[in-house]
Every structure is written in structure tokens, then in C-alpha cells.
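The values are calculated or read from the model by the stated rules, or taken from the named source; none is laboratory data. Model, not experiment: these values are computed from the prediction. Because the Cβ atoms are built from the backbone with ideal geometry, glycine has one as well, and the counts that use them run over all protein chains shown.
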């Protein structure tokens, strides 16, 4: 027996009929075709499925779609606006806060949650906030730097007449080009 749900995802209302046991992560990926939210452990341990539910970070493998009825969800696809990376995405790009990319959507969402609560977090605060997100590639130092970078971008006062402009998705900044070309490749 299917149950009707109405869930706002990335600002757009969706009405669906779902099985009561359908996990939110599967609703997002299979019903709405939003595959940026990754399925990792399905036990709430890895954080790859982290999304915002009514403004708070949750692991979508631990929430049923019917529990999200009437709620607002933001996924990683909802971060960029008009093809422009937001401050956290820019920070991850500039500080090389990702490698294979599997954990990145969940880490981006966890970082957003933290920066919404703490505009200038210390490295220990950042580590605590991302503690529920596993990354097997980076060693977390570049992720901490990426969150610090994003905090500076999000809370930087604007110079008169010069708005803070986001970077287009896929664009490389002078800093990221320099880092890419000067960092040694380790096999």
C-alpha cells in the first residue's frame, strides 16, 4: 500500500506515492533522480547520504520518505545556483578537499550545517562537525582547510561596489591552477 507524500526538494514541491518503508535516500535517487546524494553504508555511519531536512543535516538513509512528508529538503544539487558554485563548494575546489568524490556531497552538506550554526569554526569544531562523515582518501586536513576557506568567503565583508561573486561550476581559479600544477603527484 503506497502512501502520498509532498516533499519540497531544492525549492521545488514534489507529490509522490511511496511505499512506507522507502528510505529518503532512495526517494531522492530513484524517484526524483537526484543522484548526488550517495548511498554508502545504509546504517548511518558513513555520512555519504547527508542532506538538509528542514535546515538541519540528517543522514537520509536513516529517514523514511514518509517521515519527510511536508518537509523541505536540500540536497547537494541544491547548493549551486544558476551554475555558480556556492562558498563551500568553492572552498572544497580551491583547497582540494576531495579526491575520489564519493564522500564529498555528504561533507558539503555537513559543512553547510556547521557554518549555518558557527560562522567561524575552529579546526577542532570542524573535525567534530564532520566526524560522522567518512573519507578514505584525504586524511581530512584538506577538508578542514576547505571549510575554513568557505567560512571566510561566507562571512567576508564586501568591498564597496564589489560583490562577492561565486565561481562558475568547473571553473578553475588562479590559486587552484597553481596548486594543481605545483603539487607533486604521489603514486
Discussion item. I'd like to know if the stretch 78-87 contains one or more residues that are in contact with a strand residue (DSSP E or B) (Cβ under 6 Å, 6 or more places away or on another chain) and buried (at least 18 other Cβ atoms within 10 Å of the Cβ).
Written reply: no
Discussion item. Let me spell it out: the conditions are (1) within 30 Å of residue 153 (Cα to Cα); (2) without any contact (Cβ under 8 Å) to a residue 60 or more places away in the chain; (3) not in a helix (DSSP H, G or I), and residue 14 meets all of them except one. Which number is the exception?
Written reply: (1)
Worksheet item: On the given criteria, is residue 72 closer than 20 Å to residue 155 by Cα and in contact (Cβ under 8 Å) with a residue 12 or more places away in the chain?
Response: no
Worksheet item: Restricting the first residue to the stretch 17-33 and requiring it to be under 13 Å from residue 75 (Cβ atoms), which pairs with a second residue that is modelled with pLDDT of 95 or more and assigned to a helix (DSSP H, G or I) meet a Cβ separation below 6 Å and a spacing of at least six or different chains?
Response: 24/60; 24/65; 24/68; 25/60; 25/61; 27/65
Response to the item:
Of the residues in the stretch 41-54, those that are under 18 Å from the mean Cα position of the chain (by Cα) and part of a loop (DSSP other than H, G, I, E, B) come to 41, 42, 44, 45, 46, 47, 48, 49, 54
Worksheet item: Quick one: would you say residue 72 is at pLDDT 95 or above, under 22 Å from residue 117 (Cβ atoms) and surrounded by 22 or more Cβ atoms within 10 Å (Cβ to Cβ)?
Response: no
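Rundown of residues vs (1) within 16 Å of residue 134 (Cβ to Cβ); (2) in a loop (DSSP other than H, G, I, E, B); (3) outside the structural domain of residue 135 (by TED's automatic domain parsing), yes/no style:
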position	(1), (2), (3)
21	no, yes, yes
36	no, yes, yes
39	yes, yes, yes
97	yes, yes, no
